[in-house]
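What follows is a single structure, written as structure tokens, with notes after it.
The values are calculated or read from the model by the stated rules, or taken from the named source; none is laboratory data. All values derive from a computational prediction rather than experimental measurement. Cβ placement follows ideal geometry from the backbone for every residue including glycine, while neighbour counts extend to all protein chains displayed.
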């Protein structure tokens, strides 16, 4: 989603590296966005949302399962052939990760990513990504008018993900193998989460927090949206997704205490339809109804696409793991179940 800027552009480029804070200003207030060294000054103009299907709404869930609370445990079960995998089930929860559960396969290179893009006052593109060897890298592309940034999607190859990253990556920090395995096990639950979206800021751009669900058989990566901040902020209802997004923020600048800005919670405080009593409220507003795993109803997309399953669940507008997880009706609400 691109909106042309209507006032003069100021782009300050600060030194890259471990700088304190993810600073943000909501459009028109003279604020700025700082993600590890790049500042995009806000005004009354527009920005480009990259990845994560920003601007869509949803959350819900007929069926499915989400692990609520509990600690992450490793199972350490040994498979035929001598390879050892971690179990990683959330304690105290009945969650079923389904057949596509993430496994720490040796062939998997990419595990997690923070992807920031803002085209409001020039083209700013910054990625933080975590690889299977425990390294956390930072790559940036600042004020490059020729830059073309595609969104992440399901069923991506490793080469496609690599091509998304700006060149010249630098090492930020490292993560221990035990922590990586524990975090990776949570992605299979995060993919079952419903996606809720609200408009929050202007000229902020988009910050996507992504976990890659890997399929060893095909070598494909499934980009699971854990959260998104920015012009359109998205919350994944799975507690595991929210925990992973917060963990990634800490990796982004390990010597600082960065804060998320322009989040779903910020926008929800201003919206009366973030949580509603039941789906009849959404019907009266001509909006789709999304019901999360805790049976809380939310009003989703507005317009003509509010009642038909195929239309409401198109792409990953409702389910972080894709349309194949989406089910429900207009009366009961739409949500995500493991498959």
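Listed residues 276, 318; which is without any contact (Cβ under 8 Å) to a residue 60 or more places away in the chain, closer than 16 Å to residue 198 by Cα, crowded, with 16+ Cβ neighbours inside 10 Å and in contact with a helix residue (DSSP H, G or I) (Cβ under 7 Å, 6 or more places away or on another chain)?
276
For region 238-273, what are the residues that are surrounded by 15 or more Cβ atoms within 10 Å (Cβ to Cβ) and free of Cβ contacts under 8 Å to residues at least 40 places away in the same chain?
242, 245, 273
When you scan region 295-339 for strands (runs of 3 or more DSSP E) that lie fully inside it, which ones turn up with 2 or more residues that are under 22 Å from residue 191 (Cβ atoms), at pLDDT below 90 and more than 17 Å from the chain's Cα centre (by Cα)?
It comes to 297-302.
Given the criterion part of a helix (DSSP H, G or I), at pLDDT 90 or above and at negative phi, identify the matching residue among 195, 244, 171.
Testing whether each residue is part of a helix (DSSP H, G or I), at pLDDT 90 or above and at negative phi leaves just 244.
Listed here are the residues, each with its yes/no results for (1) surrounded by 21 or more Cβ atoms within 10 Å (Cβ to Cβ); (2) within 14 Å of the chain's Cα centre (by Cα).
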| site | (1), (2) |
| --- | --- |
| 199 | no, no |
| 202 | yes, no |
| 211 | yes, yes |
| 215 | no, no |
| 218 | no, no |
| 226 | yes, yes |
| 288 | yes, no |
